[in-house]
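Here is the structure we will look at.
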Amino acid sequence: MANAPDFLQLHGIDERALAAEAAAGLVESPARVSPKFLYDALGSRLFDAITELAEYYPTRTEASIFAAHGAEICSAALGMTGAAPALVDLGAGNCAKAARLFGPLRPRRYVAVDISVDFLREALHALQREHPEIEMAGVGLDFSARLQLPAGLVGGPALVFFPGSSIGNFGPEPALRLLREARELAAGGALLIGADLVKPAAVLEAAYDDALGVTAAFNLNMLEHLNRLLGADFRVREWRHVALYDARLSRIEMHLEARAATRVHWPGGERSFLAGERIHTEISCKWRPEAFEALLREAGFADIRRWTDPRGWFGVFLAGG
Ligand code: AVI
């Protein structure tokens, strides 16, 4: 019979602290709320739906790189970590991407980390039934604040897996901090990370403002999440989704824009918004490959390898040392 996952929940998910953080961002000028609030249980499902959209190329492009070069990537990773590493999956979501590496990597232990704990719990239980031979642990953690796991949970050199270009949702300084922490976590192993690359603005804007409106729903659902978390009274129909590419900063910016003047209340706070006023909800940075490698080197990695697709739209980087 399959083991139950050794499911841990860490202090990172402190709902009161999260609510205070969200409220503080709402009263800033301009208002800003961290993208981590996009991921309640429905938000995680909407993100999964985004990855299936025709316009959203990152997931399938990254998958095509693994399909074409997976054997080479995994053997290079094992060269850096040694056999049977621990596999630490940052932002694991439905755990599907990491599960595809179980065959070639044969990890002794799989540690899945995500802020959306309920979603992760379901996915990890199903995975443990399929792979009773791998020790599994789940960690509910907001690693945008700090990436640190309990001593002994990983145990030895690890392959830290951070796919999907989620690193793009961090600004330059937090990204560098997170990469440094990932290097520490790897403990002499390696980091396998996906990063989205610079490409024409029209491709990028369509990917973040799709025709079906799934990304709009994903962004707007943050208001429902804030209503629950804060006890706020956002009326979702009063807001619209905006996604723009800033070529100077090489990043997509997502906002929620008030369709008309409105006022929002929550216990202990309130905020008026003028028509057209925005809440900044996400950045998604796009890199030139050399710039991303420079960032990895700045984080302390010395041994870096890179694989891309034929169009050069997405990069998979393996970093050790
Ligand atoms: C999770 N992350 C890499 C996604 C991205 O592309 O930045 C989140 C997302 N936002 C809108 N669409 C997808």
Revision key, fill the gap. Given a 1.4 Å probe, the accessible area of region 194-282 per residue, as a whole number of Å², is 44
Review point. When all alpha-carbon pairs of region 110-222 are counted, what percent fall beyond 25 Å?
Key: 35
Check your understanding: How many nm is it between the label spots at Arg311 and Ala151, if each spot is 7 Å from the Cα in line with the beta carbon?
Key -> 4.9
Review point. Out of region 36-104, which GluC sites (Glu not before Pro) are coil in DSSP terms and have no more than 11 other C-beta atoms within 10 Å?
Key: Glu52
Exercise for review: Express in whole angstrom the spacing between the alpha-carbon centres of region 59-123 and region 229-256.
Suggested key: 30
Review point. Around Ile115, which amide H atoms from residues at least 5 apart in sequence, or from another chain, sit under 5 Å from its own amide H, with H modelled in the peptide plane?
Key: Leu141
Review point. If you project the alpha carbons of the chain onto their three principal axes, what span does each projection cover, largest first, in Å?
Key: 59, 43, 34
Study note, to complete from the structure: Among beta bridges assigned by DSSP with both residues in the chain, the antiparallel ones amount in percent, to the nearest 5, to 55
Revision key, fill the gap. Per the Cα gyration tensor, region 203-264 corresponds to an equivalent ellipsoid with semi-axes, largest first in Å, of 24, 12, 11
Check your understanding: Taking the Cβ of Glu238 as the center, what net charge do the other residues with Cβ under 14 Å away carry, scoring Lys and Arg +1 and Asp and Glu -1?
Key -> +3
**Study point:** Acute angle (nearest 10 degrees) that the helix 57-81 long axis makes with the longest principal axis of the chain, alpha-carbon atoms
**Key:** 40
Review point. How much net charge surrounds Thr81 when only other residues with a Cβ under 14 Å from its Cβ are counted (Lys, Arg +1; Asp, Glu -1)?
Key: +4
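The values are calculated or read from the model by the stated rules, or taken from the named source; none is laboratory data. No experiment lies behind these values; they were computed from the predicted model shown. Here Cβ is always computed from backbone atoms with ideal geometry, including for glycine, and neighbour counts include all displayed protein chains. Just the protein is used for accessible areas: all its heavy atoms, side chains included, with ligands, DNA and RNA removed. Shrake-Rupley method; radii C 1.70, N 1.55, O 1.52, S 1.80 Å.
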